[in-house]
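In what follows, a structure is listed as structure tokens, so that the remarks can point back to it.
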Amino acid sequence: MNDPATIRRLYGRRQGHKLRAGQASLVDELLPRVSVPTTGPLTAETLFGDAKERGRPLELEIGFGAGEHLAAQAAARADIGFIGCEPFLNGVVGALGHIEEQSLGNVRLHMGDALDVLERLPDASLSRVYLLHPDPWPKARHAKRRMVNPGPLDLIAAKLKPGAEFRLGTDDPTYCRWATMVMNTRRDFAWTARAPADFLTRPADWPETRYERKARRHGHEVWYFTYRRV
């Protein structure tokens, strides 16, 4: 596996518009309660509080945007523990709003680099990893910044259980081609698609994101990739 120190650096802004009073309150009061612990290994027990959680399956979303997909998954499957990673403060605030409104006790958030969290998870501990509408970094000189690259994929593969899923969604043609090329070189992931409809149609258990809705409003195609950890 590549040295994680050599495969990442966070790019882009960390905060957009100024937070309103209610949003700032969520950051001050709710975020500390649902944040991923800052030190130590990450297991269902350390994330969700007591020994009875030891067997809870874990899923992780990389870059959850405003948290609508993360919240919908968590609401639909209360027995699963969800970890959401997002460096953008306003996105974290969006997720906190969903957590509060829906009283979601099975979500933990990390405001920062998802690879920091992945490193602290035991190998073969995740049942699913989501990477939905990542920044495409469309210029060729920025291709190394894409999450679908050997270093991050090595880490994701190490943390997924055998047979677990890696889900990738994008509406960017460049990223679609890049991801297909990179993933087709790997022997630790198997693409589950058997026909075009398998990656042109959103699965029923794949909640729509605001990025997907925006893409469709602009007439963009959206591609849905599901890979199994071999």
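What follows is calculated from the coordinates using simple rules that are stated; it is not laboratory data. The structure displayed is predicted, hence computed values, not measured ones. Virtual Cβ from ideal backbone geometry, glycine too; neighbours counted across all protein chains shown.
Relative to the current alpha-carbon distance between ALA124 and ARG186, full extension at 0.36 nm per residue lengthens the span by 20.6 nm. Please report, to two decimal places, log10 I(q)/I(0) for region 121-165 at q = 0.16, 0.19, 0.22, 0.25 Å⁻¹ as given by the Debye formula with identical point scatterers on the Cα atoms and no solvent. Treating every Cα as an identical point scatterer, log10 I(q)/I(0) equals -0.49, -0.64, -0.77, -0.88. Using Cβ point charges alone (K and R +1, D and E -1), the dipole size of region 71-139 about the Cα centre works out to roughly 140 debye. In summary, the aspartates and glutamates within cross-link reach of LYS144, defined as a Cα separation below 15 angstrom excluding same-chain residues under 8 places away, comprise ASP3, ASP135, ASP154. For region 24-69 versus region 73-149, the inter-centroid distance based on Cα atoms is 10 Å.
At 10 °C and a viscosity of 1.306 mPa s, what translational diffusion coefficient does Stokes-Einstein give for the chain, taking Rh as the Kirkwood radius over Cα pairs? Give it in µm²/s as a whole number. Answer from the Stokes-Einstein relation: 88 µm²/s. The mean sequence separation of alpha-carbon pairs under 8 Å and at least six residues apart, normalised by the residue count of the chain, gives a relative contact order of 20 percent.
Within straight-line reach of LYS161, meaning a Cα separation under 12 Å, sit the following aspartates and glutamates at least 8 residues removed in sequence or on another chain: GLU59, ASP123, ASP188. The aspartates and glutamates whose alpha-carbon is closer than 18 Å to the alpha-carbon of LYS18, local same-chain residues fewer than 8 away aside, are ASP28, GLU29, GLU86.
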